[in-house]
Amino acid sequence: MTVEFYGIPNCDTVKKARKWLDAKGIGYTFHDYKKEGADAAKVSNWIDAKGVDTVLNRRGTTWRKLPDEEKAKADDAAGAAGLLVEKPSMIKRPVVEHDGGLLVGFNESEWEAALC
């Protein structure tokens, strides 16, 4: 199985998810948004697959600090994708692409069903 793991290394949820993958012996390639940025095509595909409300983290500090006119960009998929590419820390973490699909956020039972 090929697993592509996207996130920020100092995020507690990312740390927890990586530890879970390691414990299960599941190999992955880690993509650090802070160093590598977010790919526009991938972000658009994630939004198409899971929806803006799943991919965009509206609970984080970066989102809360945005002015209302910036937040309004998230009203449609294309605007949300552009916003997430510009500010990848607003992408819900982690995002995992695997042979069977896409996981957004860390839910142990969901990950167990999808990856084991």
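The values are calculated or read from the model by the stated rules, or taken from the named source; none is laboratory data. As the structure is a prediction and not an experimental result, all values here were calculated from the model. We work out accessible area using only protein heavy atoms, side chains counted, and drop any ligands, DNA or RNA first. Shrake-Rupley method; radii C 1.70, N 1.55, O 1.52, S 1.80 Å.
So, with a 1.4 angstrom probe, what is the percent of accessible area on the chain that is carbon and sulfur?
Carbon-and-sulfur percentage of accessible area, whole number: 45.
What list of ³J(HN,Hα) couplings, whole Hz, do you get for the range 97-109 from phi and the Karplus terms 6.51, -1.76, 1.60, once you set θ to phi - 60° and write x for glycine and proline?
9, 9, 4, x, x, 9, 10, 10, x, 10, 10, 4, 5
For the chain, what relative contact order do you get, as a whole percent, if you take Cα pairs closer than 8 Å and at least 6 residues apart? Display every interim value, and only then the final one.
Working: 146 pairs, mean separation 40.0, N = 116.
RCO, the chain: 34 percent.
For Glu70 and Glu86, calculate 0.36 nm times their separation in residues minus their Cα-Cα distance, and state this gained length in nm to one decimal. Show your work: numbers first, answer last.
Values: separation 16, 0.36 × 16 = 5.76 nm, distance 1.12 nm.
Going from the current span to full extension adds 4.6 nm.
Counting heavy atoms of the protein chains only and a 1.4 Å probe, report the per residue accessible area for the range 1-90 as a whole number of Å². Can you show the working numbers first?
On the way: 5200 Å² over 90 residues.
Ligands and nucleic acids excluded, the result is 58 Å² per residue.
Among (1) 0.91; (2) 0.96; (3) 0.94, which is the computed Rg/Rh (Cα atoms, Kirkwood Rh)?
Only one option fits the structure, namely (2).
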